[in-house]
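Written below as structure tokens is the structure these notes are about.
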Amino acid sequence: MPLLLKIAPDLSDKQFEDILMVVKQEELTGLVISNTTISRADLLSSRKKIEAIGAGGLSGPILFSKALERVQKARTILGQKAVIIGVGGIDSSEKREQMLRAGADLIQIYTSFIYHGPKIIQRLTTDL
Ligand SMILES: Cc1cc2nc3c(=O)[nH]c(=O)nc-3n(C[C@H](O)[C@H](O)[C@H](O)COP(=O)(O)O)c2cc1C
């Protein structure tokens, strides 16, 4: 049975490396990288506004660079056999391409679909 594990971007490097080892040893199908973040670092909004919004996972552009870096590392460590789905802030054909080049077999979108609607498909595939 195919089994993909979806991970949080908030894992430490050590936790992420441990998970890669488990995926390898247990021969899981692969990883979905990544889920939303509980971090509030690098946001443009004021601290007051961020605090008023409260707890919860953040999605969208803030996730992209971390997801990209971890897709790349996962591909290097796991090799070609693992299935990797890249997700987090993908909202353009450039980002789609970067994620695929980093080693993702597939990409997933969520937030960009909410903001752009079905037209996001055209945005993501415009140069294909
Ligand atoms: C409102 C909302 C609900 C979500 N619910 C789930 C969920 O039930 N299960 C899950 O694995 N990921 C869930 N996610 C995470 C998304 O699948 C995705 O991993 C994350 O939002 C990053 O992608 P994005 O930047 O394209 O939104 C949710 C995200 C949002 C914004």
Checklist outcome for this item: The answer for trypsin sites (Lys or Arg not before Pro) in region 1-98 that fall in a DSSP coil and have at most 11 neighbouring Cβ atoms within 10 Å is Lys81
Item to check | Rg(Cα) / (2.2 N^0.38 Å) computed for the chain, rounded to two decimals | outcome: 1.11
Checklist entry - In the chain, what % of DSSP beta bridges are antiparallel (nearest 5)? => result 10 percent
Checklist outcome for this item: With a 1.4 angstrom probe the carbon and sulfur portion of accessible area for region 20-112, in percent, totals 54 percent
Checklist outcome for this item: Env charge @ Gln98, Cβ radius under 15 Å, K,R +1 / D,E -1, value +2
Next on the checklist: Between region 1-46 and region 56-78, what is the separation of their alpha carbon centroids in Å?
Outcome noted: 8 Å
Checklist outcome for this item: Relative contact order in percent for the chain (Cα pairs under 8 Å, 6+ apart) equals 23 percent
Item to check | GNM result for the chain, Cα springs below 10 Å: residue of Ile90, Ile77, Ile53 fluctuating most strongly | outcome: Ile53
Checklist outcome for this item: With the 1.4 Å probe rolled over protein heavy atoms, the chain has an accessible area per residue in Å² of 64 Å²
Checklist outcome for this item: Taking N as the residue count of region 29-104, its alpha carbon Rg divided by 2.2 N^0.38 Å gives 1.24
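The values are calculated or read from the model by the stated rules, or taken from the named source; none is laboratory data. The structure displayed is predicted, hence computed values, not measured ones. We place every Cβ from the backbone using ideal geometry, glycine too, and count neighbours over all the protein chains shown. Accessible surface areas use protein heavy atoms only, side chains included; no ligands, DNA or RNA. Shrake-Rupley method; radii C 1.70, N 1.55, O 1.52, S 1.80 Å.
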